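Heads up: the structure comes next, in structure tokens.
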2 protein chains.
Amino acid sequence: MNRKLTALRTLMKHHRIHAYLIPSSDPHQSEYVPECWRRRAFLTGFTGSTGDALVTLKTAGLWTDSRYYLQAERELRGSGFTLFKWGSADVPSWQDWAARNLRRGEILGFDPQLITHKEYTNLEKALGEGGIRLKPVTVNLVDKIWKEKPAPPSEPITILAEKYSGESVRSKLDRLRRKIAAEGAAAHILSQFDAVAWLFNIRGSDVQYNPVAIAYAVITAKDALLFIAREQVGEKVKAALKKKVRFRDYNEFPGELRRLASAKRRIWLDEASVSRWIVNSLQGAKLIFKPSPVALHKAVKNATEIRGAKQAHRRDGAAMVKFLYWLEKSVPKGGVTELSAAQRLEAFRSRQSRFRGPSFSTISAYRSHGAIVHYSVSPETDIPLKRAGIYLVDSGGQYLDATTDITRTVALGRPTAEQRDRFTRVLKGMIALSAISFPRGTTGPQLDVLARRALWEKGLNYGHGTGHGIGSYLNVHEGPQGISPARGFGVGLEPGMILSNEPAYYKEEEYGIRIENLILVIKDTIRSTAESPFYSFETLTLCPIDLRLVKRELLTAEEIRWLNSYHRRVRKELTPRLDRAEAAWLKNVTRPI
Amino acid sequence: MNRKLTALRTLMKHHRIHAYLIPSSDPHQSEYVPECWRRRAFLTGFTGSTGDALVTLKTAGLWTDSRYYLQAERELRGSGFTLFKWGSADVPSWQDWAARNLRRGEILGFDPQLITHKEYTNLEKALGEGGIRLKPVTVNLVDKIWKEKPAPPSEPITILAEKYSGESVRSKLDRLRRKIAAEGAAAHILSQFDAVAWLFNIRGSDVQYNPVAIAYAVITAKDALLFIAREQVGEKVKAALKKKVRFRDYNEFPGELRRLASAKRRIWLDEASVSRWIVNSLQGAKLIFKPSPVALHKAVKNATEIRGAKQAHRRDGAAMVKFLYWLEKSVPKGGVTELSAAQRLEAFRSRQSRFRGPSFSTISAYRSHGAIVHYSVSPETDIPLKRAGIYLVDSGGQYLDATTDITRTVALGRPTAEQRDRFTRVLKGMIALSAISFPRGTTGPQLDVLARRALWEKGLNYGHGTGHGIGSYLNVHEGPQGISPARGFGVGLEPGMILSNEPAYYKEEEYGIRIENLILVIKDTIRSTAESPFYSFETLTLCPIDLRLVKRELLTAEEIRWLNSYHRRVRKELTPRLDRAEAAWLKNVTRPI
């Protein structure tokens, strides 16, 4: 039996609650959670990025999605937690499970910092109907039993120079203040790390893979308050932001909320990102719930960021080509494993200028591991790469001037006819999306089908979205845009947005195929008219697509033209950055077909 | 000055309101509103199907969308109403206009029967922020000045035999009651005419084009109450529904709401269709807001309805071919006008068995009239058809066994190269959607782009959705499914659903092109696997597509195959229903290309 569970249940009884929620997230609703807030991992043992736990006095459940079924099964062994495979047929969400299994009058306790206002509202609706009550417990019960909780990070933050950010803090604040004024609000609160980092042109290292710091911000017509641990702000940063930003200690944020509440002002909040605790703390103020304008401002890259992205992709592409060349030469010699390959790739990236680290944990997946969408290689799962089968590598870098994210799938031996057929269909999808022109107002969900159509023709599909937004030396996943059946709904694609384009095909227990390029929304000057602007995509990622996996006769003449033209560009852009042997190899693998 | 406006403003002052809303709709949120409830048309003179009016003590505005700009301009002349072209750049919605132009503390009055609960909630949010108050005025102020208001309809309702409906009332109630029980509700309220008509297998003639009756329904575990004017229910109907349905007079519905409220039961309502008045009347009850299961039950046609639809489309197709043949022979002789053509088409339909009337007002649009999406021909706009230009006809029939909706665009003379290019691109879109196979869970918005892609290639588009649901001898527009950038969001397409497939292209002041078939969702047995069912479409509509407008070299081999195969089917199915001359004509116009 899990002793932590026993201790937690004792605390639950003390607080007179019948169930306690331990979500994956932190007070800032981060996708990547700082160590000090990984309470769900501490309690359950499950370390995946997504998964909520619900503990009752008798039962304990952990809900995660299909990406993590295998990992969760392994990590939950002996924990006392039952795995709920969220997304499987007949498996209820934890909300539905709670609605069905808690009894009328029972109380579900939760830490109000860890769920958004929107999640709270939905939960209240779902449980309220059955007479189940919700009780905010302001002290986190897991913290009470977490004796060796890591200290919060305290590394100093830095300023991102305007030659990278492309816009001054003053200009960003001006734009935001105009929106705040138009909304008739007195203040706007930001609780997401990347939003705060973008607005103030600061970067940090508090979270793995994301160059951000733990912080809140409150912006008013006259003021911009940045709540961040005092020890993280050096003199240089203070000087750079003088007269524009007032620094407050992170711990002073609750007091500021009380002050705003008692002033009864109109406060603008994004209900999908601010915690229920923030909303509770603002009782008395007038609240406006509406998506933050910062999300859209951040998503639409400026000219400097676009130039940076293009340059960074040349460096990132060179690192990828060096890696792929090394891989082809090294695998036959033996000794290369998933893990060592991932390390080697990071080494190639780290030699590129402006490199700051990987943008997420590299997915280095051989054969059947490729079919595990978010496979995370570890010493326990590591396997050697041989001269057969398919290898999938999804990786990215943080550079001062951009964030990258690229997937390539390569044949290490002679691929089967089926593998070539599937790879070519995935490629057709990627090309269809790359080559589309669309009128202003078009959203990602409208375009998603283009990436799937060639797979659907054979009754095939992939179980994830086709594209996500990506930051500029910021988070590898950002909104509000997206290309998927649902993500990005209602958000028109705008020139300057960067998205991933990553159709895929997975054959369980056998292999995985994914091809991922980043694409930039640009104005289509040929098709645009004054009344009706048209947009298209420009591909940023520069890296060959494995021709050994391409079945030429499945491609249309236009698709072949696209592929040859893309490869010509890759060759032209990257050759100057390669040594002679690498360049010769690149010339061959990018030959016209 | 409009005397009605003066009278209305006097009443507004009396009720101490600063603005009064006159929506297009009726207490049942109908698209087609019975005469007795066309208050907006009475007050403003604008007779289009969509348009809301807002009157303040000083101003009067009418908001309608692009389909009706021209008609509204004409009809509003001298009315004292200003036209707001809703959907144009920089034209605010009436909600935004009210938020900006009414002052803090001012009151907007409205008839709570005429807006849905959802609309009310959004309005409260939009106006509440600016301190503008909303006041339900339970007496309709327009009624007070409408001296010659038509009496409510009183035609008797009829039973739709099970050989047409395919499911007994008992079975429909059983299915609904299982959903109600699963939701933990005590009662479910239906306020939409077609939902009530479907559930009780009744049809009426209270609304133009829609074979429905004015009614409400309340369904509980034991009871099914139908609120409908007593004089509309004859002995036959009573006998047919005995023991299943209890009839109450329409006027007893408010009393039933009070009874439900005081019983404090859990009531299930669709917030997007029930009026704010219903919600207000249920104060005290526990309300569950969730889409009605009846909408989905109705949308998924059963085997009998599908058989009926296929048969009705043979009859409807024969009427269309007779009409198109007649048109080709008659136009050169002269004397054919838009109006006379529409009448002739209705005459051809009316000779078909089981025909009950048109399913909407025929759009018979020659040349530049074709570019007006919802052109409604009238003696004032009528023009003669000549041996030149393009003619667009969008029409449909109500049959006992189905509702039809079809658009064909034909060349009356030699089409231009541009017209042939555009027509072929529209056709490519229609074929792409017709031929797609897609996995279970796919929604209409995901597929919409397929119908637009060939137009986007040239920087062209059309400003409406691609497809709507359609009833079975019911409303020509029904939900919840749809194929458009937004309509149908979240609703997976299911076998049995019928939708329209109607891409288009409009060149303002010149011509309009639209091709519309109805398509049925079916299981794709070739692509389906046990774990992953695939669906596809079967085209129901049978009518030739004008080959004179097809530019063959723009079509792929697959598209040519589709077109030839469709025409072969049209010829085979319809020839037995035609006379010798018509059959010969059909053979020629459906020849393989």
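The values are calculated or read from the model by the stated rules, or taken from the named source; none is laboratory data. Just so you know, these numbers come straight off a predicted model, no measurement behind them. Cβ: placed from backbone, ideal geometry, glycine included. Neighbour counts: every protein chain shown.
Look through the range B:290-329, keep the residues that are farther than 27 Å from B:S472 by Cβ and surrounded by fewer than 16 Cβ atoms within 10 Å (Cβ to Cβ), and return whichever of them is farthest from the chain's Cα centre (by Cα). Walk me through it before giving the result.
Narrowing the range B:290-329 to residues farther than 27 Å from B:S472 by Cβ: B:325-329.
Those still in the list that are surrounded by fewer than 16 Cβ atoms within 10 Å (Cβ to Cβ) too: B:328-329.
Working: B:E328: 30, B:K329: 33 Å.
Looking at residues that are farther than 27 Å from B:S472 by Cβ and surrounded by fewer than 16 Cβ atoms within 10 Å (Cβ to Cβ), I get B:K329.
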Notebook entry, point to check: Of the conditions (1) in contact with a helix residue (DSSP H, G or I) (Cβ under 7 Å, 6 or more places away or on another chain); (2) assigned to a loop (DSSP other than H, G, I, E, B); (3) closer than 23 Å to B:S191 by Cβ, B:S49 fails just one. Which one is it?
Noted result: (1)
Next item on the list: Would you please list the contacts, defined by Cβ atoms under 8 Å and residues six or more apart or on different chains, that run from a residue in the range A:415-440 that is part of a loop (DSSP other than H, G, I, E, B) to a residue that is modelled with pLDDT of 95 or more and of a type in the set (G, A, S)?
Entry: A:I436/A:S536; A:R440/A:G492
Item checked: Among the candidates B:G488, B:G459, residue that is of a type outside the set (F, W, Y), farther than 29 Å from B:L574 by Cβ and crowded, with 22+ Cβ neighbours inside 10 Å -> B:G488
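Residues that are out of contact with any helix residue (DSSP H, G or I) (no Cβ under 8 Å at 6 or more places or on another chain) and within 30 Å of B:R568 (Cβ to Cβ): which helices (runs of 4 or more DSSP H) entirely in the range B:275-336 hold 3 or more of them?
Correct list: B:303-330.
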Check: Got at least one residue in the range B:482-494 being more than 12 Å from chain A (Cβ to nearest Cβ) and within 17 Å of the chain's Cα centre (by Cα)?
Finding: yes
Notebook entry, point to check: In the range A:525-558, how many are within 14 Å of chain B (Cβ to nearest Cβ) and surrounded by 21 or more Cβ atoms within 10 Å (Cβ to Cβ)?
Noted result: 4
Next item on the list: Go over the candidates A:G482, A:G469 one by one and state the one that is small (G, A, S) and touching a His at 6+ places or on another chain (Cβ under 6 Å).
Entry: A:G482
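Determine, yes or no, whether B:L412 is over 21 Å from B:K301 (Cα atoms), within 14 Å of chain A (Cβ to nearest Cβ), of a type in the set (A, V, I, L, M) and surrounded by fewer than 24 Cβ atoms within 10 Å (Cβ to Cβ). Reasoning before the result, please.
Details: over 21 Å from B:K301 (Cα atoms): yes; within 14 Å of chain A (Cβ to nearest Cβ): no; of a type in the set (A, V, I, L, M): yes; surrounded by fewer than 24 Cβ atoms within 10 Å (Cβ to Cβ): yes.
Here the answer is no, as B:L412 does not meet what is asked.
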Notebook entry, point to check: Among the residues of the range B:492-549, which ones are basic (K, R) and over 24 Å from B:G370 (Cα atoms)?
Noted result: B:K523, B:R527
Check: Among the residues of the range B:15-58, how many are of a type outside the set (K, R) and over 25 Å from B:A99 (Cβ atoms)?
Finding: 16
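So, of the residues in the range A:498-509 that are within 20 Å of the chain's Cα centre (by Cα) and not charged (D, E, K, R), which turns out to be farthest from the other protein chains (Cβ to nearest Cβ)? First the steps, then the outcome.
Quick first cut of the range A:498-509, residues within 20 Å of the chain's Cα centre (by Cα) only: A:498-504.
Next, only the ones that are not charged (D, E, K, R) stay: A:498-501, A:503-504.
Details: A:I498: 21, A:L499: 16, A:S500: 18, A:N501: 15, A:P503: 14, A:A504: 14 Å.
The extreme case among them is A:I498.
Yes/no per residue for (1) under 25 Å from A:F193 (Cβ atoms); (2) surrounded by 22 or more Cβ atoms within 10 Å (Cβ to Cβ); (3) among the β-branched types (V, I, T):
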{"site": "A:Y32", "(1), (2), (3)": "yes, no, no"}
{"site": "A:F42", "(1), (2), (3)": "yes, no, no"}
{"site": "A:T47", "(1), (2), (3)": "yes, no, yes"}
{"site": "A:T59", "(1), (2), (3)": "no, no, yes"}
{"site": "A:T64", "(1), (2), (3)": "yes, yes, yes"}
{"site": "A:P92", "(1), (2), (3)": "no, no, no"}
{"site": "A:D96", "(1), (2), (3)": "no, no, no"}
Check: A:Q343 versus (1) within 14 Å of chain B (Cβ to nearest Cβ); (2) without any contact (Cβ under 8 Å) to a residue 60 or more places away in the chain; (3) within 22 Å of the chain's Cα centre (by Cα): which is the lone unmet condition?
Finding: (1)
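Looking at the range B:125-148, which of the residues that are in a loop (DSSP other than H, G, I, E, B) and within 14 Å of chain A (Cβ to nearest Cβ) is modelled with the highest pLDDT?
Step one: list which residues in the range B:125-148 are in a loop (DSSP other than H, G, I, E, B), which gives B:129-132, B:137-140, B:146-148.
Cutting the leftovers down to within 14 Å of chain A (Cβ to nearest Cβ) gives us B:129-132.
Details: B:E129: 74, B:G130: 79, B:G131: 85, B:I132: 93.
Checked the range B:125-148; the qualifying residue modelled with the highest pLDDT is B:I132.
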Next item on the list: Determine, yes or no, whether A:E73 is part of a helix (DSSP H, G or I) and under 29 Å from A:L257 (Cα atoms).
Entry: no
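Do we have B:T121 as more than 15 Å from B:R9 (Cα to Cα) and surrounded by fewer than 14 Cβ atoms within 10 Å (Cβ to Cβ) here?
Working: more than 15 Å from B:R9 (Cα to Cα): yes; surrounded by fewer than 14 Cβ atoms within 10 Å (Cβ to Cβ): no.
Criteria not met by B:T121.
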Note to self: Exactly one of these conditions fails for B:G512: (1) over 27 Å from B:L160 (Cβ atoms); (2) buried (at least 19 other Cβ atoms within 10 Å of the Cβ); (3) within 12 Å of chain A (Cβ to nearest Cβ). Give me its number.
What the structure shows: (3)
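Out of the residues in the range A:284-327 meeting the condition of being of a type in the set (S, T, Y) and closer than 23 Å to A:L540 by Cα, tell me which one is farthest from the other protein chains (Cβ to nearest Cβ). Don't jump to the end; show me each part of the working.
Applying the first criterion (of a type in the set (S, T, Y)) to the range A:284-327 yields A:292, A:304, A:325.
Adding the requirement that they be closer than 23 Å to A:L540 by Cα leaves A:304, A:325.
Details: A:T304: 30, A:Y325: 38 Å.
Of everything passing the filter in the range A:284-327, A:Y325 is farthest from the other protein chains (Cβ to nearest Cβ).
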Next item on the list: Would you mind telling me which numbered condition in (1) within 25 Å of A:S376 (Cβ to Cβ); (2) surrounded by fewer than 16 Cβ atoms within 10 Å (Cβ to Cβ) A:R103 fails?
Entry: (1)
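Filter the range B:503-525 for residues that are more than 18 Å from B:T424 (Cβ to Cβ), in contact with a Phe, Trp or Tyr (Cβ under 8 Å, 6 or more places away or on another chain) and not in a strand (DSSP E or B) and give the result. Even if it seems obvious, please write down each step before you answer.
The first filter runs over the range B:503-525 and keeps only residues more than 18 Å from B:T424 (Cβ to Cβ), leaving B:508-509, B:518-525.
After this cut, where a residue has to be in contact with a Phe, Trp or Tyr (Cβ under 8 Å, 6 or more places away or on another chain) as well, the list is B:519-524.
B:D524, the sole residue that qualifies.
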Check: Pairs under 8 Å by beta carbon, first residue free of Cβ contacts under 8 Å to residues at least 60 places away in the same chain in the range A:170-197, partner among the hydrophobic types (A, V, I, L, M, F, W, C) and surrounded by fewer than 18 Cβ atoms within 10 Å (Cβ to Cβ), six or more apart or different chains?
Finding: A:R177/A:A221; A:A181/A:A221
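Take the range A:429-466 and flag every residue that is of a type in the set (F, W, Y) and more than 9 Å from chain B (Cβ to nearest Cβ). I'd like the intermediate steps shown before the answer.
Applying the first criterion (of a type in the set (F, W, Y)) to the range A:429-466 yields A:438, A:456, A:462.
The answer is A:Y462, and nothing else.
Please indicate, with yes or no, whether at least one residue in the range A:544-565 is more than 27 Å from A:A417 (Cα to Cα), outside any loop (DSSP other than H, G, I, E, B) and in contact with a helix residue (DSSP H, G or I) (Cβ under 7 Å, 6 or more places away or on another chain). So that I can check it myself, show each step before the final result.
Taking the range A:544-565 and keeping what is more than 27 Å from A:A417 (Cα to Cα), we get none.
No, because not a single residue in the range A:544-565 is more than 27 Å from A:A417 (Cα to Cα), outside any loop (DSSP other than H, G, I, E, B) and in contact with a helix residue (DSSP H, G or I) (Cβ under 7 Å, 6 or more places away or on another chain).
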Next item on the list: Inspect all residues belonging to the range A:566-583 and state whether any of them is more than 25 Å from A:A309 (Cα to Cα) and more than 14 Å from chain B (Cβ to nearest Cβ).
Entry: yes
Check: Among the residues of the range A:534-566 satisfying the criterion of being under 20 Å from A:S500 (Cβ atoms) and aromatic (F, W, Y), which is nearest to the chain's Cα centre (by Cα)?
Finding: A:F537
Check: Of (1) more than 16 Å from A:G429 (Cβ to Cβ); (2) crowded, with 24+ Cβ neighbours inside 10 Å; (3) touching a residue at least 60 places away in the same chain (Cβ under 8 Å), A:P495 satisfies all except one. Which?
Finding: (2)
Next item on the list: For the range A:233-246, name all the residues that are touching a Leu at 6+ places or on another chain (Cβ under 7 Å) and crowded, with 17+ Cβ neighbours inside 10 Å.
Entry: A:V245
Notebook entry, point to check: Does the range B:416-427 contain any residue that is at negative phi and within 14 Å of another protein chain (Cβ to nearest Cβ)?
Noted result: yes
Next item on the list: Output yes when any residue across the range A:415-426 is buried (at least 21 other Cβ atoms within 10 Å of the Cβ), under 19 Å from A:P485 (Cβ atoms) and of a type outside the set (S, T, Y), and no when none is.
Entry: yes
